[in-house]
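Here the structure is laid out as structure tokens; the discussion comes afterwards.
The values are calculated or read from the model by the stated rules, or taken from the named source; none is laboratory data. What you are looking at is a predicted structure, and each value in this text was computed from that prediction instead of being measured. Glycine gets a Cβ as well: all are built from the backbone with ideal geometry, and neighbour counts include every protein chain shown. Remember, those area values only see protein heavy atoms, side chains included, never the ligands or the DNA or RNA. Shrake-Rupley method; radii C 1.70, N 1.55, O 1.52, S 1.80 Å.
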Amino acid sequence: MAIGSTRAGFLRLALYMAWTFLCIPVQAVLVSLNLPGQARFPRFYHRVCCRLMLALDVDVVGEPSVGRPTLFVSNHSSYLDIPVLGSLINCSFVAKSEVGLWPLFGLLAKLQRTVFVNRANKREAGKQRDDMAGRLIGGDSLVLFPEGTSSDGNRVLPFKTALFAVANTQVDGHPVAVQPVSVTCTHLDDLPLGHELRPLYAWYGDMELPPHLWQMIGAGRLRIRVEFHPVVSLEDFSSRKALADHCWQVVAAGVDRAVSGRWSRALASTRPASSAPAGITPEAAAGAA
């Protein structure tokens with residue numbers, strides 16, 4: 001599938017690498033000195049990446065939770081979900097431990113203070129939950145991808161429920177906020193993307209990253225719809241599994257609306273929004289947790 005321009009691909013890739021290597025020392029200093037900007041600077045970095053280098057335009061529906069630590073619960077179809085969501089909210093991500101070993105992108109994940117988890121080792125589940133809870137109590141918001149791997153972007157895979165236990169965390173006497181989020185790539189150069197072209201954005205199955213990244217970065221402008229759904233808490237449900245089921249239903253419905261085009265453009269406000277090495281595939285690395 002030959003789409004886009006080789007020249008545009010080289011230019012965007014060069015700009016992305018230059019911008020990234022310029023920003024790494026800044027964020028490293030912010031993190032090492034534990035300065036307040038360590039939560040805000042990644043949002044600025046991702047916003048510039050999306051808008052100028054990755055050619056991603058983001059339509060936002062609803063409002064992200066602010067004012068208290070929030071567990072954002074999102075579907076996951078691509079490594080591009082990271083800059084898209086990172087451009088909209090001050091947050092850290094919850095990711096598979098393998099991501100921390102990736103060249104460059106592992107470093108970027110660590111600089112955004114990613115919480116790494118190992119789903120394969122159930123004996124570590126308690127510690128991982130405590131690590132996430134500690135971050136929430138400390139005032140950080142986290143993004144959780146409970147599918148456990150990336151999908152094809154046309155549907156939402158069932159949510160794994162184990163890490164939803166962190167929703168039981170109390171912050172200043174109140175339950176942590178939980179906000180479902182739907183992320184869907186909808187257009188290429190203002191034309192509806194369709195099922196066949198959605199893999200320009202989605203990275204899943206046995207796809208390898210370099211050819212996928214090269215094809216995406218050389219294509220036209222991709223438009224992504226991000227829908228922030230109403231905030232809930234564990235107190236609204238009988239169990240973490242009921243909470244997970246609710247989040248799955250509203251996220252899946254949001255993706256379905258975006259994929260089918262059943263949503264009002266009048267409600268969408270366009271905002272300027274604002275990556276794994278050779279041999280790594282979504283299935284091998286299992287995406288983000």
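Of note:
- V29-L104 FRET efficiency (beta carbon distance; Förster radius 22 Å; 0.05 resolution): 0.75
- Cα shape, region 73-180, gyration tensor, a/c 1.5 rule: rounded
- Spin-label model, D206 to S5: label points 7 Å out along the Cα-to-beta-carbon direction sit 3.5 nm apart.
- Pairwise label distance in nanometres, W214 with L13, each label 7 Å out on the Cα-Cβ vector: 0.6 nm
- Label-to-label distance, nm, for residues given as R40 and L52 (7 Å Cα→Cβ offset): 1.9 nm
- Nearest-0.05 FRET efficiency for R68 and L22, computed from C-beta distance (R0 35 Å): 0.60
- At R0 = 25 Å, FRET efficiency that the Cβ-Cβ distance of Q249 and D131 yields, to 0.05: 0.35
- Relative contact order [Cα under 8 Å, 6+ residues apart], region 30-109, whole percent: 38 percent
- Net lengthening on full extension, N168/H195 (0.36 nm per residue, minus Cα-Cα): 6.0 nm
- Given in Å, the Rg to one decimal and the Dmax to the nearest whole number for the Cα atoms of region 1-96 are 15.0, 47.
- For K127, the solvent-accessible surface computed with a 1.4 Å probe is close to 130 Å², ligands and nucleic acids excluded.
- Dipole-positive endmost among L30, N90, S78 within region 10-90 (Cβ charges, Cα centre): L30
- Each principal axis of the Cα cloud of region 168-258 was taken in turn, and the coordinate range along them, longest first, works out to 49, 26, 23 Å.
- Dimensions in Å of the chain - Rg and Dmax from alpha carbons: 17.8, 55
- Lysines whose Cα lies under 18 Å from that of K127, excluding same-chain neighbours fewer than 8 positions away: K96, K160
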